[in-house]
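Trainee: Before I ask anything, let me first share the structure, which is written out below as structure tokens.
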Amino acid sequence: MCSKSNSLSGPTSHNYFSQRLRLSYVDWGNGGAPPMILIHGGLDHCRNWDWVAERFKDDYHVIAPDLRGHGDSDWMIGGAYNQLDYLYDIAQLLHQKDLGPVSIIGHSMGGAISLMYAAIYPEAVEKLIVIEGLGLSPSTEARKAKEPHSNRIRKWIRDLRKSSGRSARRYSSLEEAILRMREENPHLSEEQARHLTIYGSNQNEDGSFTWKFDNYVRFFEFTGRPIQEIWKLWGDIACPTLLVYGNESWASNPSSDGRTAHFNCPLEVEVFRNAGHWVHHDQLDGFVKRAYSFLNPRETEN
């Protein structure tokens, strides 16, 4: 049954290796329980899942990785970030820990990675919850497709070159960084913003604070992979899947934009009111209740 502890007891921190990178993850214990992995989005970190993990840790063996270039995981040198490498890292973590089949909850870019993993390893995923992880709307993708590939590659090169000369923004105090966190998501409470900032930032030698992510994670390697290939992959997902959206988000609803047609698995879509891109922060209780009923439909929450 889902717990409702008001205090976060906290996970243990661990490392593993993938493509010679030392990557970090946290483990909430309960090793004999069904496994669950929580995959964060871009410019984020694994401790953004703490409130969700706290609710599920009594019923699941919950682990949450820091993706490469994020949180306490190594940054890449001499290469670009792309979703296939992120996918490999997740596959490597689950392989090394011998976990499966797993339940997966992924947010944003982490949701996109979760969809790819479930498509490539359908036998290894029990159930899948994706919070705004389908990417850009079909109409936006169609506009992008009209732009010549050469122009898109040139833009990618320009963006990377610009990023190479960009210093990480420094905040004079933790409070200033917390304020920036709340500007990014006005739904956050003071407690949530402080927690996310503490775990998502480093204090520098001069006393200032910077975010833990590598600036290069902002720019995916240009692969030329058509979005139609990604949509086709979704058709290989076999497990029951729940797509979650916030009604105040920039993302479009797959029920109305046609993307649900690419799935052949049992599929549900849930839209949360008064929520933006981070539904699991903005409507924590509602999200946990909906997620728990999806994962365990025969049980009721206390």
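For every residue, the table says whether it meets (1) without any contact (Cβ under 8 Å) to a residue 40 or more places away in the chain; (2) small (Gly, Ala, Ser).
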position	(1), (2)
Ala91	yes, yes
Leu99	no, no
Met109	no, no
Ala118	no, yes
Glu126	no, no
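Trainee: List the residue pairs whose Cβ atoms are under 9 Å apart, where the first residue sits in region 149-173 and is outside any helix (DSSP H, G or I), the second is acidic (Asp, Glu) and surrounded by fewer than 13 Cβ atoms within 10 Å (Cβ to Cβ), and the two are 6 or more positions apart or on different chains.
Mentor: Arg170/Asp206
Trainee: Sticking with this structure for a sec: Confirm whether Lys144 is modelled with pLDDT under 90, out of contact with any Gly (no Cβ under 7 Å at 6 or more places or on another chain) and either crowded, with 20+ Cβ neighbours inside 10 Å or not aliphatic (A, V, I, L, M) (or both). Break it down into steps so the answer makes sense when it comes.
Mentor: Working: modelled with pLDDT under 90: yes; out of contact with any Gly (no Cβ under 7 Å at 6 or more places or on another chain): yes; either crowded, with 20+ Cβ neighbours inside 10 Å or not aliphatic (A, V, I, L, M) (or both): yes.
Criteria met by Lys144.
Trainee: Another question, if that's okay. Identify the single condition in (1) of a type in the set (Phe, Trp, Tyr); (2) in contact (Cβ under 8 Å) with a residue 60 or more places away in the chain; (3) closer than 27 Å to Asn202 by Cα that Trp28 does not satisfy, given that it satisfies every other one.
Mentor: Status for Trp28: all satisfied but (2).
Trainee: Where in region 189-302 are there strands (runs of 3 or more DSSP E), lying fully within it, with 3 or more residues that are touching an Asp or Glu at 6+ places or on another chain (Cβ under 8 Å), surrounded by fewer than 19 Cβ atoms within 10 Å (Cβ to Cβ) and not charged (D, E, K, R)? Even if it seems obvious, please write down each step before you answer.
Mentor: Values: elements: 201-203, 209-211, 241-246, 267-272.
Answer list for region 189-302: none.
Trainee: Report the residue count in region 112-161 for those that are β-branched (Val, Ile, Thr) and more than 26 Å from Tyr88 (Cα to Cα). Spell out how you get there, then give the answer.
Mentor: Quick first cut of region 112-161, residues β-branched (Val, Ile, Thr) only: 113, 120, 125, 129-131, 140, 153, 157.
Applying the additional criterion that residues be more than 26 Å from Tyr88 (Cα to Cα) yields 140.
Of the residues in that region, 1 qualify.
Trainee: If I go through region 113-126 residue by residue, how many of them are surrounded by fewer than 23 Cβ atoms within 10 Å (Cβ to Cβ) and touching a strand residue (DSSP E or B) at 6+ places or on another chain (Cβ under 8 Å)?
Mentor: Residues that pass the stated criteria total 2.
Trainee: On to the next question. Scan region 229-275 for residues that are under 19 Å from the mean Cα position of the chain (by Cα), aromatic (Phe, Trp, Tyr) and more than 19 Å from Val102 (Cα to Cα) and report the count.
Mentor: Residues in region 229-275 being under 19 Å from the mean Cα position of the chain (by Cα), aromatic (Phe, Trp, Tyr) and more than 19 Å from Val102 (Cα to Cα): 4 in total.
The values are calculated or read from the model by the stated rules, or taken from the named source; none is laboratory data. The structure presented is a predicted model; accordingly, all values stated were derived computationally and were not measured. Note that each Cβ is placed from the backbone with ideal geometry, even for glycine, and that neighbours are counted across all protein chains shown.
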